Each structure stands twice: as structure tokens, then as C-alpha cells.
Amino acid sequence: MSALEGIKVLDLTSMVSGPVAAMMLADQGAEVIKVEPTTGEQMRHIGPTVNKVTAAFFSCNRGKRSIAVDLKSDDGKKILFDLAKGADVLLQNFRPGAMDRMGFGEPVMRELNEKLIYVSINGFGEEGPYAHKRVYDPVIQALSCATDIQADRATGRPQMFRVIIADKVTAITAAQAISTALYAREKTGEGQHIRLSMLDAMLSLFWPEGMAGLTYADQEFDVRKYQGAMDLIYETQDRFITAGAISDKEWQGMCRALNREDLIDHPNFKTAQGRFTHNSERKEITAEEIKKWSSEEILVRFDQEGVPCAPIIDRSELLAHEQVVANGSVDRLHFDDFGEVRQARHPARFDKTPASVSRPAPRLGEHGREILEALGYDNEAIESLISAGTVLD
């Protein structure tokens, strides 16, 4: 049995933030129906396809069934209303106000299903000067100070994370919030409306250390001059590695591994606070010393001294890395019409209700007929909807 077995989720979202949240629920056993426009959502059209499914779409939408519906039509609206009556969760990430204009706002759906968990994901929030704006991940990175945190230390030029981080942080936050709302419903019997912005999710992620300088209102400081301590990329004779020493014990071990015991009691580095304050100087010295060694030799020495360390690997090395293999971190799945598909294994390992990929990502409208049949539509009604273009076959 899976943890969310019996939970029905309507996924009206597109791109990454909402789809990944719903995908996580599917991995945990929920029945997820992806409701798409008849043209398909945007992620279907980005990149090469296998079996008419792009790689990014597959990873964001595995485990779901798809129905493609013209929600502007009266018959299409009825289909969504019928689906909502039996759903536990509805996710949407249209811009604020769009669902109300379409006739599917939270109050309307609440009338149909008082126990529904209605989830509204947006970019900036539902009010304010940015609420109406279109949004993609880089825009949130800019406004959440991600680009400041990632700025080049030498030039100060802002830089972005080279992955879609804001969407995925929002997705994880949404999945956690949905699980909490489902648990609350078990106690109260009541559904609720969850509102979540990408901006708020990113600020929450960055706050502990990224915004440490803003935490105490009467003692603000510029945290940027200390953040070089996190840029722990070192060059050896043959490749790049990372190594870090925060505690006194780790610092002492690093100094011994580098044959620089003289640095252990250096007045600038003897304490954790000193090493933090003088991080640039410490990193320069450390970098000079590490460059004298081969990666294999210094990593062994660091490990023997209890210093956190690892080689910096590229994506071509990932699948064969011994720790990734030992963890079983990457699932190798086989699906008809797809062949072998590699997916990152669900990171939470439940010992009694395991999460897993139950099915591949759907082709557009692939399950429309069976979804309508489950709602009680007979064959004549289904054929009529398909002929009218209301539902894609």
C-alpha cells in the first residue's frame, strides 16, 4: 500500500511548479489526473520527444493520466465540475483571478465539494504591483535575491542558478502543504484553500543563511563578504574537488592532511568565528596547499582526518559514481514505447508505504476515454464530445 492510496488529485497546472508537486503525490500513491488544454501544456512542446513525450515533461508528469479538454466550452466545464466532485485535491497555477474568470474559482468548487483541498500556485502573490505579471523561474531568481547570492565574487556580477530552482522549491513546498492539509482534514473534516507564491517559497529557502544579515533588525550586516566561505571549489593536480572545515576538529584535520599543522593555532583561524571572519584569506591558503596534491591522494588524506570532502563530478560520471550506485539513487525503469527511462528515485524512503513510479508520463489526452467512462459517460456521449473537439481522443 502507498501512503496516498485513495487520494484523487486534479492537476490543472503547467510547466514545472504545479506538475512536479502533483508528480510527487503520484509517486506516493495518489491518483493524479492531468487536465490539459487540447493543444497540450507548454512543457510538451520543449525539446525532442520519445513516444510524443519530451524528457522534461516525462520527469514532471510521470505517474499521471491525461485528459485534454476545452474548458471554454459548456461541456468541457461540466467535465471539470464532474471531476471536482470526487476529487480530494485540485492544483492550479494560473495567474491570480484567471480561475475565477473561467468559472472555476475556489468558492465555486467549494460549493461542489466542501472537503476539497484547493491549491493556488502563483509567481508573486495574489496582490501587489507584480501579481498580474507573467512569470518564469529567472524572474523569481532575480526578485528573491538568488542572483545576488550567486553573484561572481570577483566582479560582483549577478548570476543565476542554471537549473529551474524556484519552480521546484515551490513544488516541494506545495506537496508538503497538501499533505498537511490532508492530515488536517482527517481531524476536522474540512477542506481548505492553500495559496502559495514562488517568491515566498524562495525567500523561505534562502532565509537562514542567505538573509542572515537581515534577521536581527537592530544589527543588520552585509552577509556577502562572508559568503565566500561556501564557495569551496578547489583545484588539485588533476581535477576539482570540494572540502570543508567548519568545526575545530575538522580544521585541525584539514591542516594535518595538508601538512600545515602550523595553521591550527593561527590567530585568524583558531576558532570557528575567526575562520568565518577571515574566510577569504583561509580559502586562499587552503587552495594553494590543495593544488600541490593529486585528487585521489588528498581526498584519502582528508577522509582519514574526518574532513568532509568529495570529487566534483560532471553529469557523465553520475550514473557510475559508487555512492549513487550504492544508494540506488537513479531508477532504471522500462516502459512500453519508451524503453529504459532513468529517473531520480523518490528521495523519501518509506519502510511501510514505499513511493514509486507507477506509470510513465501520459501522451496528450491518452486516458480521456477511461476517465470519462469512470465519471459515468456512455460511449455515445464520449464520441459526441470527441467529435465536437471538446475532448481530445
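The rows are residues; the columns are (1) touching a residue at least 40 places away in the same chain (Cβ under 8 Å); (2) not in a helix (DSSP H, G or I).
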residue: E340; (1), (2): no, yes
residue: Q343; (1), (2): yes, yes
residue: H346; (1), (2): yes, yes
residue: A381; (1), (2): no, no
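Identify, by number, the condition in (1) assigned to a loop (DSSP other than H, G, I, E, B); (2) closer than 20 Å to P19 by Cα; (3) without any contact (Cβ under 8 Å) to a residue 40 or more places away in the chain that M43 doesn't meet.
Failed condition: (1).
Please specify each residue of the range 280-297 satisfying the condition of being surrounded by fewer than 18 Cβ atoms within 10 Å (Cβ to Cβ) and among the small types (G, A, S).
Correct list: S280, A287, S294.
Given the conditions (1) in a helix (DSSP H, G or I); (2) touching a helix residue (DSSP H, G or I) at 6+ places or on another chain (Cβ under 9 Å), and given that R110 satisfies all but one, which numbered condition is not satisfied?
(2)
Kindly indicate whether any position in the range 300-316 is over 30 Å from L263 (Cα atoms) and not polar (S, T, N, Q).
yes
Would you confirm whether any residue within the range 365-374 is modelled with pLDDT of 95 or more, outside any helix (DSSP H, G or I) and surrounded by fewer than 18 Cβ atoms within 10 Å (Cβ to Cβ)?
No, because not a single residue in the range 365-374 is modelled with pLDDT of 95 or more, outside any helix (DSSP H, G or I) and surrounded by fewer than 18 Cβ atoms within 10 Å (Cβ to Cβ).
Evaluate the following for V391: is it surrounded by 14 or more Cβ atoms within 10 Å (Cβ to Cβ) and either in contact with a Phe, Trp or Tyr (Cβ under 8 Å, 6 or more places away or on another chain) or among the charged types (D, E, K, R) (or both)?
Here the answer is no, as V391 does not meet what is asked.
Evaluate the following for A287: is it in a helix (DSSP H, G or I) and touching a strand residue (DSSP E or B) at 6+ places or on another chain (Cβ under 6 Å)?
For A287, the condition - in a helix (DSSP H, G or I) and touching a strand residue (DSSP E or B) at 6+ places or on another chain (Cβ under 6 Å) - is met.
Go over the candidates E209, E220, E186 one by one and state the one that is among the charged types (D, E, K, R) and either touching a residue at least 12 places away in the same chain (Cβ under 8 Å) or open to solvent by less than 70 Å² (accessible area, probe 1.4 Å) (or both).
The match here is E209.
Of the residues T54, T38, T13, T49, which single one is modelled with pLDDT of 95 or more, surrounded by fewer than 23 Cβ atoms within 10 Å (Cβ to Cβ), hydroxyl-bearing (S, T, Y) and in contact with a strand residue (DSSP E or B) (Cβ under 8 Å, 6 or more places away or on another chain)?
It is T38.
Do we find that V300 is in a helix (DSSP H, G or I), over 15 Å from F240 (Cα atoms) and either open to solvent by 60 Å² or more (accessible area, probe 1.4 Å) or in contact with a His (Cβ under 7 Å, 6 or more places away or on another chain) (or both) in this structure?
no
Of all residues in the range 146-184, which are modelled with pLDDT of 95 or more, in a helix (DSSP H, G or I) and over 30 Å from E114 (Cβ atoms)?
Within the range 146-184, A146, T147, I165, A166, D167, K168, V169 qualify.
Which of the residues spanning the range 123-145 are in a helix (DSSP H, G or I), open to solvent by less than 50 Å² (accessible area, probe 1.4 Å) and not aliphatic (A, V, I, L, M)?
D137, Q141
Which residues, taken from the range 100-122, are open to solvent by 10 Å² or more (accessible area, probe 1.4 Å) and touching a residue at least 40 places away in the same chain (Cβ under 8 Å)?
Step one: list which residues in the range 100-122 are open to solvent by 10 Å² or more (accessible area, probe 1.4 Å), which gives 100-103, 106-108, 110-115, 122.
Correct list: E106, R110, N113, E114, K115, N122.
For the range 105-138, what are the residues that are acidic (D, E) and closer than 20 Å to D167 by Cα? Write out each step before concluding.
Step one: of the range 105-138, the residues acidic (D, E) are 106, 111, 114, 126-127, 137.
Residues satisfying the conditions are E126, E127, D137.
Find all pairs meeting these conditions: Cβ atoms under 6 angstrom apart; at least six residues apart or on different chains; first residue within the range 308-320 and assigned to a loop (DSSP other than H, G, I, E, B); second residue open to solvent by 60 Å² or more (accessible area, probe 1.4 Å).
I312/F240
Hey, can you tell me all the residues within the range 179-213 that are more than 15 Å from I140 (Cα to Cα) and touching a strand residue (DSSP E or B) at 6+ places or on another chain (Cβ under 6 Å)?
Answer for the range 179-213, where residues must be more than 15 Å from I140 (Cα to Cα) and touching a strand residue (DSSP E or B) at 6+ places or on another chain (Cβ under 6 Å): A181, G191, H193, I194, R195.
The values are calculated or read from the model by the stated rules, or taken from the named source; none is laboratory data. Every value quoted in this text rests on a predicted model; they were computed, and no experiment measured them. Quick reminder, even Gly has a Cβ in these numbers, built from the backbone with ideal geometry, and neighbours come from all protein chains shown. These accessible areas exclude ligands, DNA and RNA; they are computed on the full protein's heavy atoms, side chains included. Shrake-Rupley method; radii C 1.70, N 1.55, O 1.52, S 1.80 Å.
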